[in-house]
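The values are calculated or read from the model by the stated rules, or taken from the named source; none is laboratory data. Because the structure is predicted, anything quoted here is derived from the model rather than measured. All Cβ positions, even for glycine, are placed from backbone atoms using ideal geometry, and neighbour counts span all protein chains on display.
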Amino acid sequence: MLEQHAEFFPYGATMGLDGKITSVAGDTGDEHPRSREIITLLKRGYREQGASGKLLACALVYDVRVVPPGRTEKTDAIAVDLDHRDGMSVTMYYPYKIGSDKEVVSGEFFATQGRDDIFLRTKPDQPRSEINP
């Protein structure tokens, strides 16, 4: 999608308790929805599935501008939010540039602590995952 259109709509995947992986896309009913609307829609679905006990893990993929470690300027990147019901939450960033020939050139990936906002904890003292990129 990046090579063909220089952008993509957010999308994701879920893993059920049986280990089955399902691709997920959000439809707002608008032909050109804002990415934030799709992200909100997907996260709402993930939270509902997580609260009902049907979800083991989920991923959300979207395009962002981010400042990589050791840098001072923002760059385009693909962000991947990964959440697991056992408390792991991480966001992976894959910086990229699109060359004049439309070729996607990848930078060095990095990770940060995720938002941990999918599998809501019942106890405030439950541990959150720690990430070492």
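Scanning region 84-133 for residues that are closer than 23 Å to residue 45 by Cα and aliphatic (A, V, I, L, M), we see that the one that is modelled with the lowest pLDDT is 120.
Scanning region 36-65 for residues that are surrounded by fewer than 17 Cβ atoms within 10 Å (Cβ to Cβ) and over 22 Å from residue 119 (Cα atoms) turns up 64, 65. Cβ-Cβ contacts under 7 Å between residues 6 or more apart (or on different chains), taken from a first residue in region 1-24 that is assigned to a helix (DSSP H, G or I) to a second residue that is modelled with pLDDT of 90 or more, are listed as 2/8; 2/96; 2/98; 2/104; 3/103; 3/104.
When region 80-106 is filtered for residues that are hydrophobic (A, V, I, L, M, F, W, C), over 26 Å from residue 49 (Cβ atoms) and surrounded by 14 or more Cβ atoms within 10 Å (Cβ to Cβ), the ones remaining, listed by number, are 98, 104. Taken over region 73-107, the criterion of being over 24 Å from residue 56 (Cβ atoms), assigned to a strand (DSSP E or B) and in contact with a helix residue (DSSP H, G or I) (Cβ under 8 Å, 6 or more places away or on another chain) is satisfied by 96, 98, 104. Residues in region 104-120 that are more than 29 Å from residue 4 (Cα to Cα) and touching a residue at least 40 places away in the same chain (Cβ under 8 Å): 117, 118, 119, 120.
For the structure I just gave you, tell me whether residue 74 is crowded, with 16+ Cβ neighbours inside 10 Å, modelled with pLDDT of 95 or more and among the basic types (Lys, Arg). Spelling it out, it is not the case that residue 74 is crowded, with 16+ Cβ neighbours inside 10 Å, modelled with pLDDT of 95 or more and among the basic types (Lys, Arg).
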